[in-house]
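Rule-based calculations on the coordinates, nothing more; no lab input. Please read these numbers as outputs of a predicted model, since none were measured by experiment.
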Amino acid sequence: MDPTEVNIPDVKDMNIDNITKNTILINSQGPNARVKYLFERLVTHLHDFARETRLSTTEWKTALDFLVSVGQISSDVRHEFILLSDILGLSLLVDAIDHPKLPSSTEGSVLGPFHSHEAETIESGKDISSDPNGETCLVICTVKNPSGAPIEGVKIDIWETDSSGHYDVQYSEREGPDGRCVMKSDKDGNFWFKAIVPVSYPIPHDGPVGQLLKLLHRHPWRPAHMHFMFEKEGWDHLITALYITPDPYLTSDAVFGVKDSLIVSLGKVSAIQAAEYGVPEGTALITHDFVLVSDKETQSLRDQNALKAVADLFPGKKMKLLDHLPVPDVD
């Protein structure tokens, strides 16, 4: 901004005690109440962190260099910042805040860094994996509302690794999408497909996030799972996954994605199912009923949670919702 076009307050004689107040003051000149509130809280917490930990210049320089390295290794097929957000538990926290769930609905999980928009749209019954080394798995699912009524025409993104624990986008020589697809639920809310049994795998740990995990004495492994994302106008956007039990990493997932309600056991295809779905009897089987909630239900619950949260955090401070997001009420 041209300094002649903005009203810049006087800030001078900066010290430990007044730098936070003055930074917030000079960041609060714009018209957007939500942006002002976000940066007020961001600066407050960052400055308090530095004061509480007595952060050294060397430590801060190390942190900045780390963030630079996270950006440098990121690409169109590797989003290291998503990975960093995941291993800090922030991705799951933001999803839980922004998409609160009714008790009867399917809980969310992390998107992860390997979702792709190039997946092909297929009909039910197709095989999404070309991996000859994977164990064939039949997946039969439904999409319903909390009352049990089917939801037709839901767009469903599905993706998983191959049998070695790698996503298709991790191969530089790949010729196209594999282990992923897009489907639509039918009039009865059904969709089904053939895939391979999910396997445990480590998140990419050859970069800065891997170095951080090593520093924290943490492993990089994720339990076996399959990703699902549901989208239809009028319904709350759902990003989730199904986690296969037993698995040694269910209680120590590197990105904190596991929830008890999302843990499923592998079954076996019965003779009746084999005839109906055209797979050999005894094939590995995953079945699940996904439950979506409406945008209105989620919005109402999100508003309630937001007002309660800010009231608990700032007793006596007037707050209001602007576009369903909390801001100080200064009117």
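What does the C-alpha gyration tensor say about the overall shape of the range 39-162? Classify as rounded when a/c is under 1.5, otherwise prolate if a/b is larger than b/c, or oblate. Cα axes put the range 39-162 in the oblate bin. Kirkwood Rh over Cα pairs of the range 1-55 into Stokes-Einstein at 4 °C, 1.567 mPa s: D in µm²/s? Answer, rounded: 105 µm²/s. Bridging of K320 to lysines at a Cα separation below 17 Å is possible for K36, K308, once same-chain residues fewer than 8 apart are set aside.
The phi torsions of the range 233-240, fed into the Karplus equation with coefficients 6.51, -1.76 and 1.60 and a -60° offset, translate into couplings of 4, x, 10, 5, 4, 10, 10, 8 Hz, rounded to whole numbers, with Gly and Pro shown as x. The string of couplings for the range 35-40 from the Karplus curve (6.51, -1.76, 1.60, θ = phi - 60°) is 4, 4, 5, 4, 6, 4 Hz, one whole number per residue in order, with x for Gly and Pro. Set the Cα radius of gyration of the chain against 2.2 N^0.38 Å, with N its number of residues, and you get 1.18. Remark: relative contact order (the range 1-55) = 29 percent; criterion is Cα-Cα distance under 8 angstrom and separation of 6 or more residues. Taking a 31 Å limit on the Cα-Cα distance, which of the listed pairs K194/K296; K21/K259; K259/K296; K155/K296 fall beyond it? Checking Cα-Cα distances, K194/K296; K21/K259 exceed 31 Å. Mean sequence separation of contacting Cα pairs (under 8 Å, at least six apart), scaled by the length of the chain, corresponds to a relative contact order of 18 percent. Counted over the chain, the DSSP beta bridges are approximately 70% antiparallel. For the chain, the longest principal axis of the C-alpha atoms and the axis of helix 57-73 are separated by about 40°.
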